[in-house]
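The values are calculated or read from the model by the stated rules, or taken from the named source; none is laboratory data. Source: prediction; values computed, not measured. Quick reminder, even Gly has a Cβ in these numbers, built from the backbone with ideal geometry, and neighbours come from all protein chains shown. The area values use the complete protein model at the heavy-atom level, side chains included, leaving out ligands, DNA and RNA. Shrake-Rupley method; radii C 1.70, N 1.55, O 1.52, S 1.80 Å.
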Amino acid sequence: MSRAPKPPRVVAELGRPETPQETADRLAENSRKYRSHKTVNNLVLSLLATVGAVLVLVLLVPRNDNPITRDADYQSIAAQLAPVVDHTLASPELPDGWSANDAEWRAGANDQVPSWYIGLITPENQFIGFDQAFDANPTWLAQKLPGSPVIDTVSISGVTWDVYRNSAPAADRGNFDYALVTTAGPSTYLLIGTAPTDDFETLATSLAANIAQNGAE
């Protein structure tokens, strides 16, 4: 005795059995929704795993709340450069409490002006940048002191310096409040920073011997 065939499923929304095409379309749509839902789940799980890994690294890596201060031994660097530089590089002897956070020879590629640079920190944690440029041109100085004309001259340890002050609003001055400039032989000396004028005078005094030596070249 043969079993009667199963009657087609009546779809409530249609009020009648599905056609073969409607059945195929329904199954395809269900498959698409399943794949889409699975993809979203995988993305969420991947994101959670990434966040978890980052949190683990943050917790495991030791942290130091103290600011990083670079200490540059500019006198040793100047001594190392001496055999390959044609001029005597300034290496000022400064009182206790002064330090340097940078010291480098800037070769002046592409027709730029070569210079010896030291970034100095005063005992009161103020900044003075020192440049000893060689065969500097007016453009180099204008770039260092934009829009700032000479306002005075001052003599320090027998050396005459041009004085500059930044007339820009305080918020736009950066590390340039005050500057001193002098030239000796092929060297142009630039002191620029935020320190009090007394600190500039201390640095200028320590440079007097080097200035005299380069002026004799």
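Structural remarks
- Of the candidates L191, L207, L145, the single residue that is buried (at least 20 other Cβ atoms within 10 Å of the Cβ), of a type in the set (A, V, I, L, M, F, W, C) and either under 25 Å from the mean Cα position of the chain (by Cα) or more than 21 Å from D86 (Cβ to Cβ) (or both) is L191.
- From the options W105, W161, residue that is assigned to a strand (DSSP E or B), closer than 18 Å to N210 by Cβ and open to solvent by 70 Å² or more (accessible area, probe 1.4 Å): W105
- Residue match in segment 181-202 (condition: in a helix (DSSP H, G or I) and of a type in the set (F, W, Y)): yes
- Residue that is farthest from the chain's Cα centre (by Cα), among those in segment 88-107 that are closer than 17 Å to S187 by Cβ and in contact (Cβ under 8 Å) with a residue 24 or more places away in the chain: T88
- Residues in segment 171-182 that are farther than 21 Å from E124 by Cβ and either open to solvent by less than 70 Å² (accessible area, probe 1.4 Å) or at pLDDT 95 or above (or both): 2 in all.
- Condition check for A72: in a loop (DSSP other than H, G, I, E, B) and surrounded by 18 or more Cβ atoms within 10 Å (Cβ to Cβ): no
- Failed item in (1) farther than 25 Å from Q213 by Cβ; (2) touching a residue at least 40 places away in the same chain (Cβ under 8 Å), with G119 passing the rest: (1)
- Inclusion of L81 among residues that are out of contact with any Cys (no Cβ under 6 Å at 6 or more places or on another chain), surrounded by 18 or more Cβ atoms within 10 Å (Cβ to Cβ) and modelled with pLDDT of 90 or more is not warranted.
- Being open to solvent by less than 70 Å² (accessible area, probe 1.4 Å), closer than 21 Å to E201 by Cβ and not in a loop (DSSP other than H, G, I, E, B) is a description that does not apply to G97.
- Some residue of segment 149-170 being modelled with pLDDT of 95 or more, closer than 23 Å to R106 by Cα, among the polar types (S, T, N, Q) and in contact with an Asp or Glu (Cβ under 9 Å, 6 or more places away or on another chain): no
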